[in-house]
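So the structure is just underneath, and the comments pick up after that.
The values are calculated or read from the model by the stated rules, or taken from the named source; none is laboratory data. All of these numbers come straight from a predicted model, not from anything done at the bench. We place every Cβ from the backbone using ideal geometry, glycine too, and count neighbours over all the protein chains shown.
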Amino acid sequence: MKVLVADDTKSMRMLISLTVQQVGHEVIEACNGAEAVAACKENNIDLIVMDAEMPEVDGFEATKAIREYMDDDWIPLIFLSVHSEDDYIQKALDNGADVYLRKPINSVELQGQIKALSRIADMRHKLFELNQELQTVNRVLESQAKVDGLTQIANRRTFDERIKIELARCFRNKVPITLMLCDIDCFKQYNDTYGHLAGDTCLKKVAKTLESKFSRATDLVARYGGEEFVILLPESEEEISFKMANDMLDMVRELRIPHKSSKAADHITISVGLVTLRGEENVTPAEAIERADGALYKAKETGRNQVLKASDM
């Protein structure tokens, strides 16, 4: 345990420090209130033994400053003074002292208080560790809530949140945004032919392939549901997006996942509906999805294994 000993008298600091060291704790010394406050900011202090009367910044001011700086992270504090008046003791406690001891110091009494308050310090450390663990768990849960459990790419919830933000930014900044809806062709037949475990493996491979194509920090590839995926490309023009979509189709074909029951090819393929929205259009997420879905439906209706732009319909 690190114990801060703050006293302007060298002999008193030595006496208190020795007492602290005798019960097995490390000592950090300060000769006035300003040094005491600085020591608390620079070190991970577990317990403070503070003199009331010190030059520059006295014990009352230093205690108040430390409490304000530490906020809700409470450090046990022993206040020392020659005064025995009730109002003086009350003032010390009101300013944040946990224990008030009169000078001259009784070493046995001081050691007893240090041992008692060290239990609070131990509990503080345990609470800190539990809080760190809780934050880690919360970060993991938050991450899991945004990721599709099977494919490990973004999930529908993440997409729903992002599209609202990106459409608003598109309209505000008058920049284009492209939305693609993708569907694995004849996936029901794939599951019927090869089984659902093979279907899950196929979904994972396709998902990672789509995600690998779009690497900008602002791009989003998400599982929309079942065998459908959605891709959001902020500040992406239609022709550039169209070329990227066709490159993506090639990448899926190159996986060469056999699909003897497909009406589109002898391997897994995808169909894509693409819509590029202009900044001048204040389009809702539902309207954007409806346009992309219309293009996707037409792409599947006219042979699958292709990209169709909503602007061509």
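Miscellaneous remarks
- Test: residue in the range 164-183 that is among the hydrophobic types (A, V, I, L, M, F, W, C) and touching a Lys or Arg at 6+ places or on another chain (Cβ under 7 Å): no
- Scanning the range 214-231 for residues that are under 20 Å from the mean Cα position of the chain (by Cα) and acidic (Asp, Glu) turns up just one, Asp219.
- Top-ranked residue in the range 89-128 [being touching a Leu at 6+ places or on another chain (Cβ under 8 Å) and either in a helix (DSSP H, G or I) or not assigned by TED's automatic domain parsing to the domain that holds Met70 (or both); ranked as surrounded by the most Cβ atoms within 10 Å (Cβ to Cβ)]: Ile114
- Screening Arg216 on (1) modelled with pLDDT of 95 or more; (2) loosely packed, with under 15 Cβ neighbours inside 10 Å shows it passes everything except condition (1).
Yes/no matrix, rows are residues, columns are (1) farther than 29 Å from Asn282 by Cβ; (2) at pLDDT 95 or above; (3) more than 26 Å from the chain's Cα centre (by Cα):
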| site | (1), (2), (3) |
| --- | --- |
| Pro176 | no, no, yes |
| Leu181 | no, yes, yes |
| Cys202 | yes, yes, yes |
| Ala207 | yes, yes, no |
| Leu233 | no, yes, no |
| Glu237 | no, no, yes |
| Phe242 | no, yes, yes |
| Ala245 | no, yes, yes |
| Arg253 | yes, yes, yes |
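- Subset tally (residues that are closer than 21 Å to Asp192 by Cα and either in contact with a Cys (Cβ under 9 Å, 6 or more places away or on another chain) or not basic (Lys, Arg) (or both)) for the range 261-300: 11
- Matching entry among Ile28, Ile16, Ile66, Ile75 (being surrounded by 18 or more Cβ atoms within 10 Å (Cβ to Cβ), touching a residue at least 24 places away in the same chain (Cβ under 8 Å), assigned to a loop (DSSP other than H, G, I, E, B) and hydrophobic (A, V, I, L, M, F, W, C)): Ile75
- Glu53 meets all of the listed conditions (1) in contact with a Phe, Trp or Tyr (Cβ under 7 Å, 6 or more places away or on another chain); (2) surrounded by fewer than 19 Cβ atoms within 10 Å (Cβ to Cβ); (3) of a type outside the set (A, V, I, L, M) but one, namely (1).
- In the range 31-46, residue farthest from the chain's Cα centre (by Cα) [restricted to those that are surrounded by fewer than 19 Cβ atoms within 10 Å (Cβ to Cβ) and assigned to a helix (DSSP H, G or I)]: Ala34
- Those residues of the range 89-104 which are touching a residue at least 24 places away in the same chain (Cβ under 8 Å) and either on the phi > 0 side of the Ramachandran plot or out of contact with any strand residue (DSSP E or B) (no Cβ under 7 Å at 6 or more places or on another chain) (or both), in sequence order: Lys91, Asn95, Gly96
- Listed by position, the helices (runs of 4 or more DSSP H) contained in the range 153-215 that have at least 3 residues being within 17 Å of Ser261 (Cα to Cα), in the same structural domain as Leu255 (by TED's automatic domain parsing) and out of contact with any Pro (no Cβ under 9 Å at 6 or more places or on another chain) are 187-194, 196-213.
- When Asp266 is tested against the conditions (1) free of Cβ contacts under 8 Å to residues at least 12 places away in the same chain; (2) surrounded by 22 or more Cβ atoms within 10 Å (Cβ to Cβ), the lone failure is (2).
- The single residue among Ile163, Ile184 that is in contact with a helix residue (DSSP H, G or I) (Cβ under 9 Å, 6 or more places away or on another chain) and over 18 Å from Leu249 (Cα atoms) turns out to be Ile163.
- Residue match in the range 293-309 (condition: modelled with pLDDT under 95, among the small types (Gly, Ala, Ser) and at negative phi): no
- Some residue of the range 273-294 being closer than 21 Å to Lys188 by Cβ and free of Cβ contacts under 8 Å to residues at least 24 places away in the same chain: no
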